[in-house]
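Rule-based calculations on the coordinates, nothing more; no lab input. Computed from a prediction, not measured in an experiment: that's the story for all the values here. Cβ coordinates were reconstructed from backbone atoms using ideal geometry, including for glycine residues, and neighbour counts include every protein chain displayed.
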Amino acid sequence: MEITVQWVKTSWTKESRGGEAAARRNTAPLGFMLPDTSSRFAHFVRMSEHEGFAPRATRKSLRDTGVSLREEGDRLRVHARVEPLFAVPPRPRRPPAVRLRPGQWVRWQLNYRFSSALGIRGWSYWLDTFNIAYGPVGQDVFLSEPTVLVDECGPMR
């Protein structure tokens, strides 16, 4: 069965925590039109404060994405990994994996806050949005509302 993965990574600093820059960041899309590529790769879209939150798309191996994907019978088990264990906010209780049926898709969001080494620079932030579909889909699938939404975003203070 086909598995389609789109990973949207948005990154910013304290400069985009308020005002016009924050407004631009908050209007950044959570899903994009898919390129005409193989489902063996993830569609990776990066948007950063440094580049005015303009989307830059590439592709990544499915193994290099921050999600665990496993087919179990007629369902796809999806669970987002929390890569940087030292990041804020802490996630002591994580939601369970999502099991998708063919034709369904999930949007899973995680946010992070980091300080630089030794705290010399200010905080930096990022939001990971994983859009994952199971079964054949159109190129515009992630422009619609997801079947399942998992919002693991915590307070960033």
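Note on the range 55-111: Cα-only Rg and Dmax are 13.3, 36 Å. Length gained on full extension, residue 15 to residue 60: 13.3 nm, using 0.36 nm per residue less the C-alpha separation. Note on residue 82 and residue 152: the extension gain reaches 24.2 nm, defined as 0.36 nm multiplied by sequence separation minus the Cα-Cα distance. Restricting the range 38-92 to chymotrypsin sites (Phe, Trp or Tyr not before Pro) that sit in a DSSP loop and have at most 11 other Cβ atoms within 10 Å of their own Cβ leaves 86.
The relative contact order of the chain comes to 30 percent, based on Cα pairs under 8 Å that sit 6 or more residues apart. Residues whose amide H lies under 5 Å from that of residue 53, counting only those 5 or more places away or on a different chain, are 48; hydrogens are built 1.01 Å from N in the peptide plane.
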